[in-house]
Amino acid sequence: FRLIAEHVRVMLDVPVALVTLVGSDRQFFAASPGLPEPWASEGGTPLDLSFCRHVVEDGRPVIVPDAHRDPDFRDHGAVEALGVVAYLGVPLVNDDGHVLGSLCAIDSVPRQWTARDQEILEDLAKLVEEQITLRERVAEMARFDAQRALIQGELAHRIKNIFSVISSLLIVSSRTETDLEGFVQSVTGR
């Protein structure tokens, strides 16, 4: 995720790029190159400091050329706390169609985002989505492997128990029977 966010910074010539996952009360940074401290170390922010939450809520790109002049964003907490002036964010969607977060570019000065800027961001967002899908599948396979190992262990335990029972039957029968035919009938009967 960091590599993709770094590409956003270089390709769009912005100081900050984020890969965010938005929860019910917080946004988490999967990557945050260029983000100032203390936010970079904290790995996320409360939602009142998140432009990305609007991407998730709306399910579509959010384009803010100048937050100071935008009535929806001029009083947003991220303008003062994080220095967000220009923002371009696109949704990150999983295979189920659920918007998980945003890939975004942030500038500290006003900026007119172009259609090409948005296209670049959307193309890179597809790479993030592919990585998310891949990671989900790997996690699913790991859960499946763990479940399979548990079942195999249980089967091995049951088979050992069956062999213990059979061994006990053979030992008990061998003590009371002296000929082969009597031994077979004794074991079969038990």
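Return the residues of the stretch 29-52 that are of a type outside the set (D, E, K, R) and part of a loop (DSSP other than H, G, I, E, B); say none if nothing qualifies.
Once the filter is applied, which keeps residues that are of a type outside the set (D, E, K, R) and part of a loop (DSSP other than H, G, I, E, B), the stretch 29-52 yields Ser32, Pro33, Gly34, Leu35, Pro36, Pro38, Gly43, Ser50, Phe51.
So, in the stretch 125-169, how many residues would count as being of a type outside the set (Asp, Glu), open to solvent by 70 Å² or more (accessible area, probe 1.4 Å) and free of Cβ contacts under 8 Å to residues at least 40 places away in the same chain?
Total satisfying the criteria: 23.
Report yes if Val19 is surrounded by 16 or more Cβ atoms within 10 Å (Cβ to Cβ), more than 26 Å from Ile132 (Cα to Cα) and aliphatic (A, V, I, L, M), otherwise no.
No.
As an exercise: evaluate Val79 against (1) within 30 Å of Phe1 (Cβ to Cβ); (2) in a helix (DSSP H, G or I); (3) open to solvent by 60 Å² or more (accessible area, probe 1.4 Å) and give the number of the one condition it does not meet.
Val79 satisfies all of (1) within 30 Å of Phe1 (Cβ to Cβ); (2) in a helix (DSSP H, G or I); (3) open to solvent by 60 Å² or more (accessible area, probe 1.4 Å) except (3).
Considering only the stretch 28-52, how many residues are of a type in the set (Asp, Glu) and either farther than 21 Å from Arg74 by Cβ or out of contact with any helix residue (DSSP H, G or I) (no Cβ under 7 Å at 6 or more places or on another chain) (or both)?
Qualifying residue count, the stretch 28-52: 2.
Out of curiosity, is Ser108 among the polar types (S, T, N, Q), closer than 30 Å to Val14 by Cβ and touching a Cys at 6+ places or on another chain (Cβ under 7 Å)?
So Ser108 does not fit the description; no.
Please enumerate the residues belonging to the stretch 132-190 that are closer than 30 Å to Leu21 by Cβ and acidic (Asp, Glu).
Glu136, Glu140, Asp145
Can you run down the residue pairs with Cβ atoms below 8 Å, 6 or more apart or on separate chains, where the first is in the stretch 35-57 and at positive phi and the partner is open to solvent by less than 30 Å² (accessible area, probe 1.4 Å) and not in a strand (DSSP E or B)?
Final answer for the pair search is Gly43/Ser32.
Select, from Arg2, Arg9, the only residue that is open to solvent by 40 Å² or more (accessible area, probe 1.4 Å), out of contact with any helix residue (DSSP H, G or I) (no Cβ under 8 Å at 6 or more places or on another chain) and in contact (Cβ under 8 Å) with a residue 40 or more places away in the chain.
Matching residue, one of Arg2, Arg9: Arg9.
The values are calculated or read from the model by the stated rules, or taken from the named source; none is laboratory data. Everything numeric in this text was worked out from a predicted model, so none of it was measured. Every residue, glycine among them, receives a Cβ derived from its backbone with ideal geometry; neighbour counts consider all protein chains shown. With ligands, DNA and RNA removed, areas are computed over all heavy atoms of the protein, side chains included. Shrake-Rupley method; radii C 1.70, N 1.55, O 1.52, S 1.80 Å.
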